[in-house]
Amino acid sequence: MRTGVAVVLLLVAPLKPPVIHEKFTSLPCPKQHAYSTLAMEGCAEQSILKTDKQINAQAALIFKLLPASYRAGFVRSEHSWLAYRNGTCEAQSGKYAGGTAAGVIAATCVADTNREHLRDLVAFRKFLQIH
């Protein structure tokens, strides 16, 4: 009787830095003052896209600076932060659900939260570069 050895091949995607991909089509932001809620939302969305790119760039740098054994934890924490950002801003805009202000409140919240997170990531990157 012949004994066979089963080989199981697990395909695991290589770990990559976290990247934010927004699910909206951005509205334009007027060059002058944004007076309508549509214009205010568009300006906040443009800010979101700009800070998303900056966050993605910082996350990629941090990912490279981290020892390999800590990268998965960093990726998980960034995914958790994104869920926190989206959930908090959705809750904040919920007070205005159904109204034109809801989109403005949600987008402004995301833009503000992005800027705060970007400051944290820049500080974290600088710390890693020094130590």
ask   = Residue check: is S80 touching a Gly at 6+ places or on another chain (Cβ under 8 Å) and either of a type in the set (K, R) or at pLDDT 95 or above (or both)?
value = no
query = Considering A60, A101, which residue is more than 30 Å from P14 (Cβ to Cβ) and among the hydrophobic types (A, V, I, L, M, F, W, C)?
reply = A101
ask   = So which of Y35, Y96, Y84 is surrounded by 12 or more Cβ atoms within 10 Å (Cβ to Cβ), more than 19 Å from the chain's Cα centre (by Cα) and free of Cβ contacts under 8 Å to residues at least 40 places away in the same chain?
value = Y96
key: Hits in the range 54-78 (condition: surrounded by 13 or more Cβ atoms within 10 Å (Cβ to Cβ), within 27 Å of S93 (Cα to Cα) and free of Cβ contacts under 8 Å to residues at least 40 places away in the same chain)   = N56
task = Pick out the one residue from A97, A111, A107, A83 that is touching an Asp or Glu at 6+ places or on another chain (Cβ under 6 Å) and either of a type outside the set (D, E, K, R) or assigned to a helix (DSSP H, G or I) (or both).
result = A107
inquiry  = Please go through the range 23-74 and give me each residue that is modelled with pLDDT of 95 or more and outside any helix (DSSP H, G or I), ordered by number.
reply    = L66, P67
query = Could you give every pair whose Cβ atoms fall below 8 Å, whose first residue belongs to the range 119-131 and is among the basic types (K, R), and whose second residue is assigned to a helix (DSSP H, G or I), counting only separations of at least 6 or pairs across chains?
reply = R125/Q58; R125/L61; R125/I62; R125/L65
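The values are calculated or read from the model by the stated rules, or taken from the named source; none is laboratory data. Everything numeric here is computed off the predicted structure, so don't read it as measured data. Positions of Cβ are generated from backbone atoms using ideal geometry, with glycine treated the same way; all protein chains shown enter the neighbour counts.
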